[in-house]
1. Could you tell me the relative contact order of the stretch 86-125? Use alpha-carbon pairs under 8 Å, at least six residues apart, and round to a whole percent.
2. Decide, for the chain, between rounded, prolate and oblate: order the square roots of the alpha carbon gyration tensor eigenvalues as a ≥ b ≥ c, take rounded if a/c falls under 1.5, and otherwise choose prolate if a/b is larger than b/c, else oblate.
3. Among Glu86, Glu127, which comes first, then next, by fewest other beta-carbon atoms within 10 Å?
4. Would you mind computing, in nm to one decimal, how far apart the modelled labels at Arg15 and Arg81 are, each placed 7 Å from Cα along Cα→Cβ?
5. How far apart, in nm, are two points set 7 Å out from the Cα along the Cα-to-Cβ line at His29 and at Ser137?
Amino acid sequence: MDSGTPTELDSAAARAAAEAALAAARQDHKRISVAVVDHRGHDLLVVRDDGAPWFTAGVARAKAATAALMGAASGDLAGLRAAHPELLDLIGTQTTQPMTTLAGGVPVRLSGSVVGAIGVSGADPDEDVAFARAGVSALRTAAGQSMS
């Protein structure tokens, strides 16, 4: 029986999330890149805004993949790296993207399960997080339920 609750992010949701993050950044006169990934950290959408530095797309991708695979905000993993310096590197050798503790990757949850993540790069760390959360909010509105 179909509950009507999506169990994964689709391309339309990825576009809505990216557009919301980009709009929030533009409102603050920032130029960023946004990556939206599935629960395995694989790309659904990566976009670099006009004027965003060339490397920000790759950084956003790493932030998003880290958040999706670890089920936690990328910036929250600094304590894990400090306690176990090699662990994220070892995990990273088993993934398509490097693991990072840079802030700006936020997991997306539906009904308590991680279904993907949004990564933002190009602004200050706190701003990257805020813009990523704007993307999550757009997904929350579209899905009509609580997402984190």
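What follows draws every value from the coordinates through simple rules; no lab data is involved. The shown structure was predicted, so the numbers you read here are calculated from the model rather than taken from an experiment. Glycine also receives a Cβ, built like all others from the backbone with ideal geometry; neighbour counts cover every protein chain displayed.
1. Relative contact order here is 29 percent.
2. It is oblate, given that a/c is not under 1.5 and a/b is not larger than b/c.
3. Going from least to most buried by this count: Glu86, Glu127.
4. 3.5 nm
5. 2.1 nm
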